[in-house]
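One structure below.
The values are calculated or read from the model by the stated rules, or taken from the named source; none is laboratory data. Just so it is clear, the structure is predicted and the values come from calculations on it, not from any experiment. Glycine also receives a Cβ, built like all others from the backbone with ideal geometry; neighbour counts cover every protein chain displayed.
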Amino acid sequence: MREAELIRKAQAGDHDALVELLRSIENAVYRSAFYILGNEQDALDASQEALIRIYRKIDTYQEKAKFSTWVQRIVSNICMDKFRAKKETVSIDEHELIIPVRNNVEDEVLLSSLSCDIEKAIGQLPHQYRMVVILRYLEDFSYQEIADTLELPLNTVKSYLFRARQQLQELLHDYQKGGIG
């Protein structure tokens, strides 16, 4: 069944359609929560809370925005609340970025090292920059979808991404020189 049809049926009270819809998005919800929070247990808690909120609020979804944008806004808001409650730096060191690897052992070692460096660098970004980087490069959201999800002006999203890329470049340069670790 297509997503739009599942949404319509779920909003009409079809419990089976709602369960199928939630199952179809649960991995994406968890992945987003994990990238934002950087901790498996926190991500599980946040994704469960997000799925419950979607379950309860499906009737409030309006097709003004894409469903994925609406879902991501819920996930982001829950994660931001958890992030604020902790008031500590969130790291995504425990997760491996998926990068295509060649069969050459040297290449694999270099890519693994680069992957770790990228994860550490993303984890060191200020929260607002980390959010836009995750949504743009890991979730493949458009600038407008990021703006809608985070309820930011489009130019602010562009500015955050520009600054985040600059900071990532500096951090990765420092890692290569062995200055941070």
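For region 9-89, give me every one of the helices (runs of 4 or more DSSP H) that falls completely inside it and has 3 or more residues that are farther than 30 Å from residue 126 by Cβ and at pLDDT 85 or above.
Details: elements: 15-37, 40-57, 67-86.
Once the helices (runs of 4 or more DSSP H) in region 9-89 are filtered for at least 3 residues that are farther than 30 Å from residue 126 by Cβ and at pLDDT 85 or above, what remains is 15-37.
More than 27 Å from residue 74 (Cβ to Cβ), of a type in the set (A, V, I, L, M) and touching a residue at least 12 places away in the same chain (Cβ under 8 Å) - does that describe any residue in region 143-151?
No - not one qualifying residue is present in region 143-151.
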Considering only region 93-113, I want to know if a residue exists there that is surrounded by 12 or more Cβ atoms within 10 Å (Cβ to Cβ), closer than 25 Å to residue 129 by Cβ and modelled with pLDDT of 90 or more. no
